[in-house]
Amino acid sequence: MPATTGAFADLLDPRFRRIHDNEYKQLPDMIDTFYPVETGKQLTERNSSIGTFGDMGQFTGTVAYDDVYQGYDTTSIHLEFAQGFQVERLLFEFDQFRIMDGKPRGLAQSLWRRRQTDAARPFNNAFSVDTFFSTNTEGVAMCSNSHTTTSGASTTTGFDNNVTTGLSYTALTSARILMWDFRGDRAERINVNPDTLVVPINLDTEAFETIQSEGKPDTANNNASALFKQLKIIRWNYLSDTNNWFMIDSNAMKSWGLIWYDKIKGEFAMIEDFDTLIGKWRDYGVWTNGWLNWRFCLGGNVS
């Protein structure tokens, strides 16, 4: 329904000294922190990969030829997002505090918050198969203990990036070891560098104390901490679970782990209806995102 003089009579009443518009400072944009951002070229964006060679064997008189395998595909669909606001012309003209004049600006803030929510989506849905934007032909969650390969290599070791332990010194040291032992498509050893800890605001203090302590935290022992200043901490307000945490290789995340496509980052428009004198504003965006390869991340799924 449009905003009318009847619904916002206070804005026309000269007895009011001041009326505040509830606009708040926005949280920082985290999309560039977590994603390589590319321009959307088509409605359906597709990504895939080709696997690696196995370890070289000994030469015994003739060259042994190896195969490489098609990797899993990620298909991402651009989705539309829009929101509008309507104001009666009379209210817009006689609003003594010019609240309605600035109100359409809030549509841009609404779009901003939606983009931040979508940026956090792969992490908030890391432990389930989420197909809102993207589908991955592996068919498992981003953080899972059921990862597979297209090569048929054994996944006994190096294919589990889902733990259930709460954030602690012990949990983080174990998580680093698990990530260092991640394997590629042929179960070959790969170079993963866990350098960042991503936590919700509820775990900010515990994360800081664990990473910034020179000695082992919460113990009488004076042993040097193996985590002291080894991880960057990102506190993310848009993480919805208060207990879950993530360790990531930030370079791998932006090189081949996550992807974000912007087709329309934000498009603002206004029109006035000729017969009803109702002003209409709208903001519109089109984007998609998803994960391509799970090996950049280990997730703590804490019950």
message = I need the fraction of alpha carbon pairs in the chain separated by more than 31 Å, rounded to a whole percent.
response = 46
key: Cα centroid separation - the stretch 118-149 against the stretch 270-303, whole Å   = 19
message = How much accessible area per residue does the stretch 211-294 have, counting only protein heavy atoms and a probe of 1.4 Å, in square angstrom?
response = 53
ask   = So which DSSP H runs in the chain come out at 15 Å plus along the axis (Cα) with average Kyte-Doolittle of at least -0.5?
value = 169-180
ask   = What net charge do the residues around ASN124 carry, taking every other residue with its C-beta under 13 Å from that of ASN124, with Lys and Arg at +1 and Asp and Glu at -1?
value = -2
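Once the other residues with Cβ under 15 Å from the Cβ of GLU188 are scored (Lys, Arg +1; Asp, Glu -1), what is the net sum?
Details: positive: ARG183, ARG186, ARG189, ARG295; negative: ASP55, ASP66, ASP67, ASP181, ASP185.
Summing Lys/Arg as +1 and Asp/Glu as -1 gives -1.
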GNM result for the chain, Cα springs below 10 Å: residue of PHE94, PHE123, PHE85 fluctuating most strongly = PHE94
message = Using just the Cα positions, wrap the stretch 86-155 in a convex hull and report its mean projected area in square nanometres, one decimal place.
response = 6.8
query = Mean projection of the alpha-carbon convex hull of the stretch 186-303 over all orientations, in nm²?
reply = 12.7
request  = Could you tally the net charge around VAL198, taking each other residue with its Cβ under 13 Å from the Cβ of VAL198, Lys/Arg +1 and Asp/Glu -1?
outcome  = -2
ask   = What size of dipole, in debye to the nearest 20, comes out for the chain about its Cα centre when the only charges are +1 on Lys and Arg C-beta atoms and -1 on Asp and Glu C-beta atoms?
value = 420
remark   = Checking LEU277, LEU91, LEU258 against a Gaussian network model of the chain (alpha-carbon springs below 10 Å), the top fluctuating residue turns out to be LEU277
Convex hull volume of the stretch 209-266 per residue (C-alpha atoms, cubic angstrom) = 125
inquiry  = How large are Rg and Dmax for the stretch 64-220 when calculated on the C-alpha trace, in angstrom?
reply    = 23.7, 84
query = Over the chain, what is the mean sequence separation of C-alpha contacts under 8 Å (at least six apart), divided by residue count, expressed as relative contact order in percent?
reply = 25
note = Cross-link reach from LYS103 to aspartates and glutamates, straight Cα distance under 20 Å and at least 8 residues apart if same chain, gives ASP10, ASP13, ASP21, GLU23, GLU88, GLU93, ASP95, GLU267, GLU272, ASP273, ASP283
task = Provide the solvent-accessible area of MET270, counting protein heavy atoms only and rolling a 1.4 Å probe, rounded to the nearest 10 Å².
result = 100
note = When the chain is treated as a Gaussian network with springs between alpha carbons less than 10 Å apart, the largest mean-square fluctuation among ASN191, ASN243, ASN161 is found at ASN191
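The values are calculated or read from the model by the stated rules, or taken from the named source; none is laboratory data. Just so you know, these numbers come straight off a predicted model, no measurement behind them. No Cβ is skipped: glycine too gets one built from the backbone with ideal geometry, and neighbour counts run over all protein chains shown. Each accessible area value is taken on the protein alone, full model and side chains, heavy atoms only, with ligands, DNA and RNA left out. Shrake-Rupley method; radii C 1.70, N 1.55, O 1.52, S 1.80 Å.
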